[in-house]
Amino acid sequence: MSIEPIVLVVGDEELLVDRAIGEVVASVRAADPENEVIDLAPGGLEPGRIAELTSPSLFGGGKVLVLRSGQDLGKDLVAEVLKYAKAPAEDVVLVVVHHGGAKGKALVDGLTKLKARKISCPKVTKTGERVDFVRAEIRTAGGKISADAARGLIDAVGNDLRELAAACSQLVADTGGKIDDAAVARYYRGRAEVSGFTVADKAIEGQLAEALEQLRWALATGVAPVLIVSALAQGVRGLAKVGGAPRGARGAALAKELGMPPWKIERVQRQLRAWSGDGVARALAAVAEADEQVKGGAADPAYALEKAVAEIVSARAQRRAS
């Protein structure tokens, strides 16, 4: 294979990480479409597994091993990965994904010293960086957008890069490529599936002030309360589904079992770290009550939604208090 045998992907911006992995896989499969791709996670990785997977196959053929959440590897497995990286196998590409930060830094430092190809995927946090991202996405899709229109799209869609990328692609398809403020307003301001899920994510992550701000913005731009409560319900049910998944299931098998894409499962798994089983049950009850009130024609659906958001945040805080 012409591609580097060891690739280190560092960062926690989900879309950029997935794209980096996808580019490596595409490069490998360009040489041989039959090359196998194997996803690995620390939770199911036993000592010796790397050596087993990288040993020559009787049937030949190359492999791409994608080792996710490298920051969670224990010392023995880190040593095993670094030992392998010193003398990587032919026809095998090892992609190690690390979220960045101090945890598990020995793995990053070790692979860097061994001259692994490094791809940085840091969180995009500044407004200017998001504007640049949107404009680049539009250009890649064959369109053109002004900085002001890009800011308008971010205001409408939110800060999640995956949702922004999808919005950019759809806008180019819908408009023919030339995108101004009017096009953004026509297609995205007040979009329920965007603002509703933004409210849900903020609530599930315990950000009460931000969740209430997004909720009020959504209602002010005409999003139907029934669609917001639906987004809240999907978010909380996602916690319950992933939290109740069989312990041994992971990767593609888990995605098939839950009917959710892998990237969404990973996001929910991170969210679940701050939740208890009782907290999820409380949040489900709060959403069910809000659903009944909103669909039953409550006198003040906005109040019912605000109450549900506050109760979801409170249910999450239950784990820290216990």
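Derivation of every value follows stated rules applied to the coordinates shown; laboratory data play no part. Everything numeric here is computed off the predicted structure, so don't read it as measured data. Using ideal geometry, Cβ is built from the backbone for each residue, glycine included, and neighbour counts are taken over all protein chains shown.
Some points to look at:
- Integer Hz, Karplus 6.51/-1.76/1.60 couplings in order for the stretch 66-79, x for Gly and Pro: 10, 9, 8, 6, x, 5, 9, 5, x, 4, 4, 6, 4, 4
- Using θ = phi - 60° and Karplus 6.51 cos²θ - 1.76 cosθ + 1.60, couplings along the stretch 25-31 (whole Hz; Gly, Pro as x): 4, 4, 5, 5, 6, 5, 7
- Surrounding net charge for PRO225, when Lys and Arg each add one and Asp and Glu each subtract one, Cβ distance under 13 Å: -1
- Measuring how big the stretch 83-207 is from its alpha-carbon positions, Rg and Dmax come out at 19.3, 57 Å.
- Cut-off 14 Å between beta-carbons: net charge of the residues surrounding GLY62, Lys and Arg +1, Asp and Glu -1: -4
- Counting Lys and Arg as +1 and Asp and Glu as -1 over every other residue whose Cβ lies under 10 Å from the Cβ of ILE3, the net charge comes to -1.
- Rounded to the nearest 500, the 222 nm mean residue ellipticity of the chain from helices alone is -19500 deg cm²/dmol, with -39,500 (n - 2.57) taken per DSSP H run of at least 4 residues.
- From phi via Karplus (6.51, -1.76, 1.60), per-residue ³J(HN,Hα) for the stretch 112-121 in Hz, x at Gly/Pro: 5, 5, 7, 6, 5, 5, 10, 10, 8, 10
- Checked against a 26 Å cut-off, the cross-linked pairs LYS241/LYS295; LYS118/LYS241; LYS63/LYS103 give Cα-Cα distances beyond that limit for LYS118/LYS241; LYS63/LYS103.
- Rounded if a/c under 1.5, otherwise prolate or oblate - the stretch 6-120, Cα gyration tensor axes: oblate
- Rg in Å to one decimal, and Dmax rounded to a whole Å, for the chain via C-alpha atoms: 22.1, 70
- Rounded to 10°, Cα long-axis angle of helix 192-204 versus longest principal axis of the chain: 70 degrees
- Rg and Dmax, both from the Cα atoms of the stretch 127-189 and both in Å, are 9.7, 26.
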